[in-house]
Amino acid sequence: MRNTLDLSEPGFLRNRRESYRLLRRTNPVAVTELNGEKTVVLTRYQDVDAVLRNRRAMMQPAVGEFPPYIGSGPASVFYRLSLPSVDAPDHTRLRRIVSPAFTPQAVSRLEQWVAQIIERRIAEVDDQGVIDVVEQLSDTIPIDVACGLFHIPRQDVPALVNRVNDIIAVLSQADMSAAELARADDATRVFFDYFRNLLRDIRGSLPEHDFVATLSSAEAQGQLSPEEVDTVLVDTFLGSYHTTMVSCTNAIHALAAHPAQRAALIADPTLAARAWEELLRFDSPVHFRHRYLSEPMMINDCLIEPRVKIMLGLASANWDETVFENPDSFDLSRPTNRHLAFGGGGHFCLGSQLSRLEGKLFLPRFLARFPDFRLADPLPPRSHNLTFPYIESLRIELLRRH
Ligand code: HEM
């Protein structure tokens, strides 16, 4: 292990492609400290993939041990019970209960409904000259989907969405200040109270085979505690909203910068599923996930000991030039695309099929209406969060053909 790395350095965060490239070349097993904890950062595809596939790779350093930075308030309850932080056997029990709602078959039953949401939201902006993609499409589409899945009345959404960045900070693993932890605690309290009250109000009237009904009956049968139900609801709400919102924006941004790929997709809308996968590789919404090993592992001639935190550079792996030719171009003709944007192993994204459905429905419908759209601001403002960076606002001219 060589050189100490500072993951909070603004230059590092602003120029991710270059920062990760340098790490892949010169320091692929980099050492740093996050929230006072020694952390190894992996950036090469093979290394990230090997840890994701390693059955000894855990979310906790030792059974029931959690990082001190999460404190002892509501955010720590959320962190400790969250699917992305728990290990077997609890993880296996939780996944077994929630997975049936997100299988390919279950998700395919949502296709017509999701298509209608997308069409309605696109129609709403149809007569406008300039729109902010984030506010008017990327945000509204996954929110409508989440409202349907979780039975959230639309008027309740702002109170939740305004707190999303505060609560996901605790999952991001980046250095967290006391003020950020206080905000995460507040946000978690708001989310937990909201879902508990919602569940109380709708419990008796839920349709059969419904996701929330499944959680509610698992609670009634003692398979899930009330806190676990609340946490799963928050996990899936955040997972379904934030990543999809970021990906829809990234997709429009990528298509603006790659006119030949845009033309190819317009000419052949059946490329939409492939385009979504390439988008997830090209501009991954989740840059890092963490793991701990329960047994030592050799990586690039370095021995990684158990209980050392490992940050897996998912986005960097997706830009690894030894695996993807010209990784910095958005290219629909890639012969293979085994990107790691959804993570891997037992924690592989629960909502990958839902995301794929949304992506393949969104891209051709957007381009059919606005094939000539162009960026109104060449340099859209970005949030440089270590794990969840995103474009904050993306203004485009629609240039609708008449
Ligand atoms: C573009 C869209 C999405 C991306 C890029 C994405 C990415 C990810 C990643 C990287 C992980 C961590 C995997 C790991 O640690 O190996 C994850 C987990 C998860 N995702 Fe997604 N996600 C997306 C959409 C969704 C959607 C639509 C849902 C809705 C249900 C969702 C729910 C979850 C949940 C619950 C987990 C935790 C799974 C576990 O730890 O067992 N995600 N996602």
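The values are calculated or read from the model by the stated rules, or taken from the named source; none is laboratory data. All values derive from a computational prediction rather than experimental measurement. Quick reminder, even Gly has a Cβ in these numbers, built from the backbone with ideal geometry, and neighbours come from all protein chains shown. When the accessible area is computed, the model is the full protein with side chains, heavy atoms only, and any ligands, DNA or RNA have been set aside. Shrake-Rupley method; radii C 1.70, N 1.55, O 1.52, S 1.80 Å.
At a glance:
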| quantity | calculated |
| --- | --- |
| Where a label projected 7 Å from the Cα of Ala178 along Cα→Cβ would reach, residues of the stretch 65-109 with amide N under 19 Å | 68-76 |
| Trypsin sites (Lys or Arg not before Pro) restricted to the stretch 344-402 and DSSP loop, no more than 10 other C-beta within 10 Å | Arg401 |
| Relative contact order, percent, the stretch 152-191 [alpha-carbon distance under 8 Å, six or more residues apart] | 44 percent |
| Ala220 versus Ala88: modelled label distance in nm, points set 7 Å from Cα along the beta carbon direction | 3.1 nm |
| Rounded FRET efficiency, nearest 0.05, which uses the C-beta distance separating Arg307 from Arg25 and R0 of 35 Å | 0.80 |
| Per-pair calculated FRET efficiency, R0 = 22 Å: Thr322 and Arg56 via Cβ, rounded to 0.05 | 0.30 |
| The stretch 141-181: C-alpha gyration tensor shape, a/c 1.5 cut-off, then a/b vs b/c | prolate |
| The chain: most fluctuating residue of Arg55, Arg291, Arg80 per GNM, C-alpha cutoff 10 Å | Arg55 |
| Around Thr244: net Lys/Arg minus Asp/Glu count, Cβ-Cβ under 12 Å | -2 |
| Potential extension, Ala106-Glu9 segment - 0.36 nm per residue separation minus Cα distance | 30.6 nm |
| Alpha-carbon centroids, the stretch 242-257 and the stretch 47-63: separation in whole Å | 29 Å |
| Neighbour-limited loop hits for GluC sites (Glu not before Pro), the stretch 113-217 (at most 16 other Cβ within 10 Å; DSSP other than H, G, I, E, B) | Glu208 |
| Area of Met58 that stays accessible when all protein chains are in place (1.4 Å probe, Å², to 10) | 50 Å² |
| Gyration tensor (alpha-carbon) shape descriptor, the chain, a/c threshold 1.5 | oblate |
| Coil-residue GluC sites (Glu not before Pro) of the stretch 1-89, DSSP, other Cβ within 10 Å capped at 16 | Glu65 |
| Förster radius 22 Å - calculated FRET efficiency between Asp193 and Glu37 (Cβ-Cβ, nearest 0.05) | 0.10 |
| Within the accessible area of the chain (1.4 Å probe), percent carbon and sulfur | 51 percent |
